[in-house]
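Note sheet for the following structure.
The values are calculated or read from the model by the stated rules, or taken from the named source; none is laboratory data. It should be emphasised that the depicted structure is a prediction, and the values quoted were computed from it without experimental measurement. Cβ: placed from backbone, ideal geometry, glycine included. Neighbour counts: every protein chain shown. Protein only, heavy atoms only, side chains kept; ligands, DNA and RNA dropped before computing areas. Shrake-Rupley method; radii C 1.70, N 1.55, O 1.52, S 1.80 Å.
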Amino acid sequence: MTRTRSLSIFAVLATMVALGCQSVATTSAKLRNQEGNYEMAIKLAKEALEDNPKDAEAHFQMGVSYSYLDSVALAYEHFMMAKKLDPEKTADVDNNIQSNFAKHYKLGQSSFNRQDLQTAAVEFNLATRANPTQSVAYYNLAVVYQRLALADSTNHEKALAAADKVLELSNPSEANYVKALQLAGHELVALGREDEAVNRFKRLIEEDPASYKVIEDIGTAELEQRSYSSAAVFLKLAAQARAKVGADDAKVYYNIGVALYNLRKEDPARINEAITYYQKSLDIAPDDPDTVFNILVAYAAKEDWSNVALWGEKYVSVNSADANGWKLLARSYTEMGDEDKAAEAIKRYEMLRQQ
């Protein structure tokens, strides 16, 4: 009977080891965590895992220790292993991972709100390590790096990498997906990789030409932020996509013209390109006052006075109440030596100014 009983105890012990039960070292690690002695807890948990690599509780306790030591990437690794080895730990594991994530995400938000971008970058980066599956932390990290890139261009690459991670983890139906797409495109342009940006979005258009709205919204947002190079790239792509489905839009061509005109100091040839797009806009919406005026201003920037006169006359015919039109028209007549017309235009300008 004693022999039978001994065999039974041996069998139970063997089963406990096979199931990954807690060892003395694991229990001690748990106690050390409760005492706040996290370094010792890690040492004991490692000893437990040397004896039994499938000890889920040892992995869990290491996750707890690393959490308190702010080694959140290691905490995540051990928590996930604990869940894999013992699915009953899923709830506890998920709660601990979420706690680590929330701590650093909130610290990142707080730092960002007080314009401490360096600290925000550190905290959002820790949030991505605390839970690498949460795209929102990567998006916020990308935004911070984009801001930091204004002073240090090396952050453009970091912003792009974080934005690409958002695209990897999310899908087009999520709000941050489109924002990350915009941010990635902006960073590619900032890095001088316009061709890569174009190729990325061309693939999107080829797969679904009707997706032009997504690209158009990105271009419009870039224009509003005065990121004229990026705006021109994306709005041109949107215009091409619209053309494929017969949905040309005057406003898109107009906005392309605005973006290109604002790049004239970097490249004077952009003025002619801007005029071309303004004219495309007028092909769809003839006599639109804003577009006519912009062409007028573009020719004035080139000091092409004969065309300034031509478009100035057209502009005052569609918007005779704008003093600025008469002013530019007067200037063109003066430059061309037509003093009578110049005097009449100046008279109209002065009269409107006094109203």
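Tabulated values for the structure
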read-out: Checking ASP55 against (1) touching a residue at least 60 places away in the same chain (Cβ under 8 Å); (2) surrounded by 20 or more Cβ atoms within 10 Å (Cβ to Cβ), the condition it does not meet; value: (1)
read-out: Check on LEU183, among the aliphatic types (A, V, I, L, M), surrounded by 22 or more Cβ atoms within 10 Å (Cβ to Cβ), under 27 Å from ASP248 (Cα atoms) and touching a helix residue (DSSP H, G or I) at 6+ places or on another chain (Cβ under 7 Å); value: yes
read-out: Every pair of residues 6+ apart whose Cβ atoms lie under 6 Å, when the first sits in the range 131-147 and is over 13 Å from GLN115 (Cα atoms) while the second is at pLDDT below 95 and among the hydroxyl-bearing types (Ser, Thr, Tyr); value: SER135/SER170
read-out: The listed residue being free of Cβ contacts under 8 Å to residues at least 24 places away in the same chain, over 21 Å from LEU169 (Cβ atoms), out of contact with any strand residue (DSSP E or B) (no Cβ under 9 Å at 6 or more places or on another chain) and of a type in the set (Asp, Glu), out of ASP86, ASP116; value: ASP116
read-out: Residue tally, condition small (Gly, Ala, Ser) and under 40 Å from the mean Cα position of the chain (by Cα), over the range 287-316; value: 3
read-out: Residue in the range 237-246 that is assigned to a helix (DSSP H, G or I), farther than 23 Å from ALA285 by Cβ, touching a helix residue (DSSP H, G or I) at 6+ places or on another chain (Cβ under 9 Å) and hydrophobic (A, V, I, L, M, F, W, C) present; value: no
read-out: Residue tally, condition in a helix (DSSP H, G or I) and closer than 11 Å to LEU148 by Cα, over the range 109-118; value: 2
read-out: Of residues in the range 292-322 being buried (at least 18 other Cβ atoms within 10 Å of the Cβ) and in contact with a Ser or Thr (Cβ under 8 Å, 6 or more places away or on another chain), the one nearest to LEU260 (Cα to Cα); value: ALA300
read-out: SER71 being among the small types (Gly, Ala, Ser), out of contact with any Pro (no Cβ under 6 Å at 6 or more places or on another chain) and touching a residue at least 12 places away in the same chain (Cβ under 8 Å); value: no
read-out: Scope the range 103-132; condition open to solvent by 80 Å² or more (accessible area, probe 1.4 Å) and farther than 21 Å from TYR68 by Cα; matching residues; value: ASN113, ARG114, GLN115, GLN118
read-out: Test: residue in the range 65-83 that is aromatic (Phe, Trp, Tyr), in a helix (DSSP H, G or I) and touching a Leu at 6+ places or on another chain (Cβ under 6 Å); value: yes
read-out: Cβ-Cβ under 7 Å pairs, at least 6 apart or on other chains, the range 334-355 side more than 10 Å from ALA323 (Cα to Cα), far side modelled with pLDDT under 95 and open to solvent by 60 Å² or more (accessible area, probe 1.4 Å); value: none
read-out: Tally of residues being of a type in the set (Gly, Ala, Ser) and either within 20 Å of ASP217 (Cα to Cα) or open to solvent by 40 Å² or more (accessible area, probe 1.4 Å) (or both) across the range 277-291; value: 1
read-out: Residue match in the range 156-163 (condition: under 29 Å from GLU39 (Cβ atoms), in contact with a Ser or Thr (Cβ under 9 Å, 6 or more places away or on another chain) and not polar (S, T, N, Q)); value: no
read-out: In the range 229-238, the residues that are over 18 Å from the mean Cα position of the chain (by Cα) and crowded, with 23+ Cβ neighbours inside 10 Å; value: LEU237, ALA238
read-out: Subset of the range 259-276 that is part of a helix (DSSP H, G or I) and more than 19 Å from PRO286 (Cβ to Cβ) - its residue that is most open to solvent (accessible area, probe 1.4 Å); value: ASN272
